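Input: a single structure, listed below in structure tokens.
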Amino acid sequence: MKKGILVGIDNKDDIYDIDYSLNELGTLAMEIGIKPIDKITQKTSINKYTYVGSGKLEEILVEIKMNDADVVIFNDELSPLMYKNIEEYLGIEILDRSSVILEIFLNHAHTTEAKLEVKLANLKYLYPRLSSLRDGFDRQRAGDKGSGETQLELDRRKTLNEINRIECQLKEAHKMKDRVIQRRKKDGIKTVALVGYTNAGKSSTLNSIIEYTNKSSDKMVYAKNQLFATLDTAVRRIEYNQTSFLLTDTIGFVSKLPHHLVNSFKETLMEVAQADLIVHVIDASSKYAYMEFQTTMQVLQSLNVSDKKMLVLLNKIDLCENIPMVNGIDSIEFSATTKYNIDKLLKYITDYLNSDMISTTILIPYDDGKMLNFVRVNTKIISQISLNDGYQITLLCDKKLYSKISIYEPNDSKLEA
Ligand SMILES: Nc1nc2c(ncn2[C@@H]2O[C@H](COP(=O)(O)OP(=O)(O)OP(=O)(O)O)[C@@H](O)[C@H]2O)c(=O)[nH]1
Ligand SMILES: [Mg+2]
């Protein structure tokens, strides 16, 4: 493993506590094979030329020599100018928070859409930095400046072309996704999205629900003790208590996510924006549970989905000594591993989804198989009786579907008690 020094600014205006933030950076670094060996902080605001002040930079240089460090990681995104100045001064590999997160995402993206989204974010991050990167490359080769400049123009053109190409591909993929979401909405299909800090247990929660509701295990999703194990949304149909809904597993969040990444994944996170209910999964056993909760709320705000109905799921309760308090939002203590309170969770979800349902009794002629099928798939059937001229069905349906269903409401005289 490479040895890394973490450097952060302890700014009192920052909403994140510096210990939390550097601890998180250290965990992110480990994910790409860098072991944090030292943490250096400065109580000030970010210096726009060198991130930290010149005295601090000297201190970092001493630490590098003393610890034989391979890389220095800065806790915020460095501007191209900062990157160039620092790299010239320190003379070793420099990374910033964004580049570490991007590298993890590049390693973990599996589906075509996730791969394109990460690649796009990475290219947008690299584009303004091409000049510094090429300078470094030329310095190493002691090459002539002239060829370096034309090479830089070439790099820039290639990068821009690639950005345009990927944006076009993604536009098509997102259009398709949007059509699917709109169709679901039209058909009144309810959706619930699992969101939360990375490694909180979103995928495990989905898997435990799949298992509990007797779904086949091939519907399970990838869950691992790893940051950003999930990079693509997965949607599964769940049936419980005669209620059917779609449950979405989503990508996890961390603080200071690179803005290009958030933009790239915005469309993928459409599922969250369109959900009827958000289940915010928290690792209740984490020392930083509250900060992690805040981090997720921040990202949701940047996605304009902070006003949705939310349930907080205090997961990993099996590991908890102290259970975090949640005020003002409904919450359930839970364990995806032991399935503690899973029935309570499912009851909460289905009760909420059914709360804006209309109850009615309809009569569907025996030869109207299409409507019969529609009702079976999209409504909650309470009872069904076979009469002379069709099925009499008492059901609960979504308000949006009522106009389609009410056509089948017979005159009272035709109804069987
Ligand atoms: N003890 C315990 N471990 C849990 C529980 N829920 C999840 N885990 C573990 O936590 C780790 C992360 O779980 P995931 O379900 O992959 O977490 P995630 O939120 O989907 O993570 P990302 O996809 O990386 O954002 C795994 O090692 C799980 O086994 C729980 O209730 N109790
Ligand atoms: Mg996951």
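Residue by residue, here is whether (1) in the same structural domain as Y127 (by TED's automatic domain parsing); (2) part of a helix (DSSP H, G or I); (3) modelled with pLDDT of 95 or more holds:
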position	(1), (2), (3)
G8	no, no, yes
Y16	no, no, no
K35	no, no, yes
I64	no, yes, yes
What strands (runs of 3 or more DSSP E), lying completely within the range 324-417, carry at least 2 residues that are among the hydrophobic types (A, V, I, L, M, F, W, C)? 357-364, 380-387, 390-398
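Test N75 against the stated conditions and say whether it is over 14 Å from K3 (Cα atoms) and touching a Phe, Trp or Tyr at 6+ places or on another chain (Cβ under 6 Å).
Criteria not met by N75.
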Heads up, the strands (runs of 3 or more DSSP E) in the range 184-289 (entirely inside) with at least 2 residues that are under 21 Å from D307 (Cα atoms) are 191-196, 243-249, 277-283
Restrict the check to the range 133-155 and report whether at least one residue is modelled with pLDDT of 90 or more and surrounded by fewer than 18 Cβ atoms within 10 Å (Cβ to Cβ). no
Tally time: how many residues in the range 309-323 are part of a loop (DSSP other than H, G, I, E, B) and crowded, with 17+ Cβ neighbours inside 10 Å? 2
Conditions (1) under 13 Å from G8 (Cβ atoms); (2) touching a residue at least 60 places away in the same chain (Cβ under 8 Å); (3) within 23 Å of the chain's Cα centre (by Cα) -> V72 fails only (3)
Just a yes or no: is a residue in the range 300-310 within 13 Å of ligand 2 (Cβ to nearest atom), touching a Leu at 6+ places or on another chain (Cβ under 9 Å) and of a type outside the set (V, I, T)? no
Qualifying residue in the range 203-223 (condition: within 12 Å of the chain's Cα centre (by Cα) and either surrounded by 19 or more Cβ atoms within 10 Å (Cβ to Cβ) or not assigned by TED's automatic domain parsing to the domain that holds L314 (or both)): yes
Just need a number here: residues in the range 172-210 that are without any contact (Cβ under 8 Å) to a residue 24 or more places away in the chain and either acidic (D, E) or within 11 Å of ligand 1 (Cβ to nearest atom) (or both). 1
Residues that are part of a helix (DSSP H, G or I) and either crowded, with 19+ Cβ neighbours inside 10 Å or not assigned by TED's automatic domain parsing to the domain that holds M30 (or both), drawn from the range 66-84: M82, Y83, K84
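The values are calculated or read from the model by the stated rules, or taken from the named source; none is laboratory data. What you see is a predicted model; the values in this text were computed from it and never measured. Neighbour counts run over all protein chains shown; Cβ positions are idealised from the backbone, glycine included.
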